[in-house]
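See structure below.
The values are calculated or read from the model by the stated rules, or taken from the named source; none is laboratory data. Just so you know, these numbers come straight off a predicted model, no measurement behind them. Neighbour counts are summed over all protein chains in view; Cβ atoms, including those assigned to glycine, are modelled from backbone coordinates with ideal geometry.
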Amino acid sequence: MAAIPLLRRLDRSAPFARRGGQDLSVGDYLRDVAALAAMLPGHCHVANLCQDRYRFAVGFAAALCRGQITLLPPSEVPGLIEAALAGYDDAYCLTDTPKTVSAPVLPYPSELARGDEAPAVPCFAADQPAAILFTSGSTGLPQPHVRGWGLLVSSAVSAGQELGVDRLPGASLIGTVPHQHSYGLESLILLAWQQAVVLHAERPFYPGDICAQLAAAPRPRILITTPPHLRVLLAEPGASPPVDLVVSATAPLPRELASAAEAGFAAPLREIFGCSEVGQLAARRTLQTEEWTCLDGIALRQDGLATWAGGPAIAMETQLADIIELRDPQHFRLLGRTGDLVNIAGKRSSLAYLNAQINAIEGVRDAVFLMGDETASTGSGPTRMVAFAVAPGLTAAAILAALRLRIDPAFLPRPLHLVAQLRRNELGKLTRETLMQMLAEARDLS
């Protein structure tokens with residue numbers, strides 16, 4: 001099997017990344033990778049915790065050069081980092097910020113001794129294990145999944161073609177999402193390796209910082225983000241800087257939010273559907289269709305209620321944890337996750353549908369439903385929905401009145417808790433553990 005190069009670009013003087021307003025060329029990057037690879041200890045696993053995207057990309061490639069597998073914890077929460085390290089006794093951590101972990105730590109060097117000549121672009125076997133990604137924990141404990149180099153590249157190339165990234169050469173690639181997660185890894189780091197785009201090293205968090213970085217970046221501009229980040233950005237006063245492509249993932253976008261995003265950024269918005277188990281699977285232009293189109297080579301099939309995905313970017317056919325209405329092997333509608341199904345008094349709905357309805361109420365900034373009694377799924381206790389909402393200026397009674405016009409009364413939340421914010425993680429997701437903690441705190445206060 002032919003080896004696959006780290007980079008597709010041949011021009012060593014072309015910009016690979018932008019850091020602190022300064023361009024770093026392809027040649028600079030290759031020299032940094034070679035210098036860091038020579039410094040890495042001889043272990044099999046490394047947890048790459050670098051916050052700077054450029055340093056992360058250097059560290060990941062250096063690990064590949066040494067035949068090391070990169071561990072990517074689902075969050076910066078210390079407990080989740082330790083959980084990711086627990087199964088790998090030989091692991092060490094590469095980081096550019098102080099970390100207190102049980103594993104040995106290699107601080108990213110403040111300066112790397114670059115050679116005078118840029119080395120050749122490294123190539124790696126398609127079946128070389130490259131990363132172990134962990135699920136986000138939104139449906140339970142994070143689970144590890146090994147991804148090979150060839151599968152990562154195939155996914156990134158297919159997604160780049162479907163999104164039209166190849167029509168934006170030299171684009172500034174700016175993301176609000178963590179690069180340790182599957183979505184950020186594939187839509188930021190892998191795109192920078194496999195497409196002629198320029199990776200921005202900083203990860204802006206606050207709306208003002210995101211807008212400032214977009215405004216300062218040369219066009220064309222690509223924004224990689226999530227629905228919660230879009231909602232906050234569009235709520236800011238004043239016009240958003242124009243971009244040339246907006247990409248969103250981690251949860252399906254309501255059509256109203258997609259419309260506001262395209263108008264606000266004066267750019268097409270494309271969504272990516274995927275999961276940590278297999279990577280990116282499909283895409284859609286939300287304002288044009290609710291139907292998803294599989295990436296090149298990926299096909300779906302159904303066996304009873306289960307949906308399976310297969311293709312060149314997937315190691316083995318994998319069952320998806322989603323409820324899918326399959327039109328044909330390449331086209332489908334996404335109806336929610338299998339764990340989202342709700343059955344109350346013989347009536348069926350899904351958490352995804354209920355969340356969409358409450359978030360569509362004017363004045364609600366963020367909201368989520370959850371099952372209020374853990375015994376509900378077994379039928380051994382009362383079935384009751386609970387909801388949390390961030391809605392300054394609205395009362396719980398007003399929200400419930402609006403919900404009665406949108407959903408069956410059987411699914412009205414009892415109770416509805418008004419909170420200052422929902423504790424979303426870096427991807428904008430709410431983990432099951434966090435929701436149950438919020439529920440326990442709300443019950444203690446009642």
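Restricting attention to the range 280-290, the residues that are outside any strand (DSSP E or B), surrounded by 15 or more Cβ atoms within 10 Å (Cβ to Cβ) and either in contact (Cβ under 8 Å) with a residue 60 or more places away in the chain or charged (D, E, K, R) (or both) total 0. The strands (runs of 3 or more DSSP E) located wholly in the range 302-348 that include 1 or more residues which are acidic (Asp, Glu) and either at pLDDT 80 or above or in contact with a strand residue (DSSP E or B) (Cβ under 8 Å, 6 or more places away or on another chain) (or both) occupy 322-328. Only a single item in (1) farther than 21 Å from Gln51 by Cα; (2) surrounded by fewer than 17 Cβ atoms within 10 Å (Cβ to Cβ) is not met by Phe124, and it is number (2).
Of the candidates Tyr88, Tyr92, the single residue that is more than 22 Å from the chain's Cα centre (by Cα), surrounded by fewer than 19 Cβ atoms within 10 Å (Cβ to Cβ) and among the aromatic types (Phe, Trp, Tyr) is Tyr88.
Here Asp52, Asp28, Asp23, Asp32 are screened, and the one residue that is surrounded by fewer than 17 Cβ atoms within 10 Å (Cβ to Cβ) and within 21 Å of Leu190 (Cα to Cα) is Asp23.
Of the set (1) touching a Gly at 6+ places or on another chain (Cβ under 9 Å); (2) under 30 Å from Leu214 (Cα atoms); (3) surrounded by fewer than 18 Cβ atoms within 10 Å (Cβ to Cβ), all apply to Ser75 but (3).
Being under 21 Å from the mean Cα position of the chain (by Cα), among the polar types (S, T, N, Q) and at positive phi is a property that holds for Thr250.
Per-residue answers, yes or no, for (1) assigned by TED's automatic domain parsing to the domain that holds Leu10; (2) surrounded by fewer than 21 Cβ atoms within 10 Å (Cβ to Cβ); (3) hydrophobic (A, V, I, L, M, F, W, C):
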residue: Thr135; (1), (2), (3): yes, yes, no
residue: Val146; (1), (2), (3): yes, yes, yes
residue: Val165; (1), (2), (3): yes, no, yes
residue: His179; (1), (2), (3): yes, no, no
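Gln68 meets the conditions (1) in contact with a strand residue (DSSP E or B) (Cβ under 9 Å, 6 or more places away or on another chain); (2) crowded, with 19+ Cβ neighbours inside 10 Å; (3) under 24 Å from Ala283 (Cα atoms); (4) not hydrophobic (A, V, I, L, M, F, W, C) in every case but one. The failed one is (3).
When the residues of the range 313-332 are filtered to those that are surrounded by 14 or more Cβ atoms within 10 Å (Cβ to Cβ) and out of contact with any Cys (no Cβ under 9 Å at 6 or more places or on another chain), the one that is nearest to Ser155 (Cα to Cα) is Ala313.
Exactly one of these conditions fails for Thr293: (1) modelled with pLDDT of 95 or more; (2) crowded, with 19+ Cβ neighbours inside 10 Å. Give me its number. Here Thr293 clears every test but (2).
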